[in-house]
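The values are calculated or read from the model by the stated rules, or taken from the named source; none is laboratory data. Note that the coordinates shown come from a computational prediction; the quantities given were computed from them, not determined experimentally. Note: ideal-geometry Cβ built from the backbone for every residue, glycine included; neighbour counts use all protein chains shown.
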Amino acid sequence: MSTKKQARGLRNNNPLNIIKSKSQIWLGETNLGGETHFCQFSSMQYGFRAALKLLRTYYSKYGCITIRQIICRWAPETENQVEAYIKTVCRITQMGADVPLPPMKSETKIVWCELVLAMASVECGLSADDRDTLRYSVAKGWNMLF
């Protein structure tokens, strides 16, 4: 990764900046750094696992089946520039904002891992090289779910 000061999500091994919840303790979650607002994970794989698990819930429980629907729920307009977020994710993934994504299963691993990497790019300001470095961690996080 680049030598500039790392983004909070990277320091916390939480590349999608998942907010802490009193009702949800994630596998691999830790409080070693004293973070009060965002989850911290023992490794990047656990951070990606949690993000993928949340996206799976968005898809199956809340009917968020497009990039636009997922991002509008993930990063509400009151706190984010949603259209810019969507455009960036679509540019990185080369997927349409309103095209239905396939269900999460082993055959669709690449689609979902690339989506999570693109979202991490927005959340943490990742470069293409950073995404290449993190692909292994995303794949490991995926493998923990399936």
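Restricting region 43-81 to residues that are among the charged types (D, E, K, R) and in contact (Cβ under 8 Å) with a residue 40 or more places away in the chain, which is surrounded by the fewest Cβ atoms within 10 Å (Cβ to Cβ)? The extreme case among them is Arg56.
When region 16-36 is limited to residues that are within 23 Å of Ser121 (Cβ to Cβ) and modelled with pLDDT under 90, the one that is surrounded by the most Cβ atoms within 10 Å (Cβ to Cβ) turns out to be Glu35.
For region 105-131, the set of residues classified as surrounded by fewer than 21 Cβ atoms within 10 Å (Cβ to Cβ) and either among the polar types (S, T, N, Q) or more than 22 Å from Ala84 (Cα to Cα) (or both) consists of Lys105, Ser106, Glu107, Thr108, Lys109, Ile110, Ser127, listed by residue number. Scanning region 112-127 turns up no residue that is assigned to a helix (DSSP H, G or I) and over 18 Å from Ala51 (Cβ atoms).
Being surrounded by 13 or more Cβ atoms within 10 Å (Cβ to Cβ) and not in a helix (DSSP H, G or I) is a property that holds for Ala97.
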